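Just below is one structure, and these are the notes that go with it.
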Amino acid sequence: MKQMKPLILLFAILGLASLFIPAEGFTLFSMLQVMGMGYLVPVAGGFVLAAVAAAVAMKPPAATWCAPAAAAGFAIVFGRFKMWEVGQLFDGPLPIKLLVVAVFGGLLVSIIGLVKKEETA
């Protein structure tokens, strides 16, 4: 998972940043606030969970819970936004496209980090 940690952190930060990029007069964060805490908390919390897990894993020895926690964080966002209907999401503005890239990239890299064992020196 050693090479995956910075990528997980990068995708988590990209996802958080996409929430605050203004497009068409609003940010995704403000849209999620209007939709309610049932949307805001899982989405923002999922990215924060993945970022914290990646940051904790950067310091040796890496905790065994970090890769599953990062994958869970991205999976929460994946489920909340119904990413299996990704074709509809790509019709939106740039922040939504960045969010989709962050979720799919982060989920993929986190799963690879789960499967790949970290070598101990």
All but one of (1) more than 14 Å from L9 (Cβ to Cβ); (2) in a helix (DSSP H, G or I); (3) not acidic (D, E) hold for T64, so report the exception by its number.
(2)
From G105, G73, G46, G87, grab the single residue that is loosely packed, with under 13 Cβ neighbours inside 10 Å and not acidic (D, E).
G87
Residue hits (the stretch 29-44; among the small types (G, A, S) and either closer than 16 Å to K82 by Cα or within 14 Å of the chain's Cα centre (by Cα) (or both)) are G38, A44
Checking L40 against (1) more than 20 Å from F104 (Cβ to Cβ); (2) crowded, with 18+ Cβ neighbours inside 10 Å; (3) in contact (Cβ under 8 Å) with a residue 60 or more places away in the chain, which single condition isn't satisfied?
(3)
Scanning the stretch 13-37 for residues that are among the aliphatic types (A, V, I, L, M), in contact with a Leu (Cβ under 8 Å, 6 or more places away or on another chain) and under 27 Å from A55 (Cα atoms) gives L14, A17, L19, I21, L28, L32
A57 touching a Cys at 6+ places or on another chain (Cβ under 6 Å), in a helix (DSSP H, G or I), touching a residue at least 40 places away in the same chain (Cβ under 8 Å) and surrounded by 21 or more Cβ atoms within 10 Å (Cβ to Cβ)
yes
When the stretch 37-55 is examined, which residues are found to be of a type in the set (G, A, S) and farther than 12 Å from L16 by Cα?
G38, A53, A54, A55
List, please: which pairs have Cβ atoms under 6 Å, are six or more places apart or on different chains, and start with a residue in the stretch 77-97 that is touching a residue at least 24 places away in the same chain (Cβ under 8 Å) and end with one that is exposed (fewer than 13 other Cβ atoms within 10 Å of the Cβ) and not aliphatic (A, V, I, L, M)?
P93/E24
Enumerate the pairs (first residue in the stretch 1-30 and polar (S, T, N, Q); second residue anywhere and at pLDDT below 95 and buried (at least 17 other Cβ atoms within 10 Å of the Cβ)) with beta-carbon separation below 6 Å, excluding pairs fewer than 6 apart on the same chain, so at least 6 apart or on different chains.
S18/P95; S18/L98; S18/L99
Answer yes if at least one residue in the stretch 15-26 is touching an Asp or Glu at 6+ places or on another chain (Cβ under 9 Å), among the aliphatic types (A, V, I, L, M), buried (at least 19 other Cβ atoms within 10 Å of the Cβ) and not in a helix (DSSP H, G or I), and no otherwise.
no
Counting only residues that are in a helix (DSSP H, G or I), modelled with pLDDT of 85 or more and more than 14 Å from G15 (Cβ to Cβ), how many does the stretch 80-112 have?
2
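The values are calculated or read from the model by the stated rules, or taken from the named source; none is laboratory data. Worth saying up front: this structure is predicted, and the values here are computed from it rather than measured. Quick reminder, even Gly has a Cβ in these numbers, built from the backbone with ideal geometry, and neighbours come from all protein chains shown.
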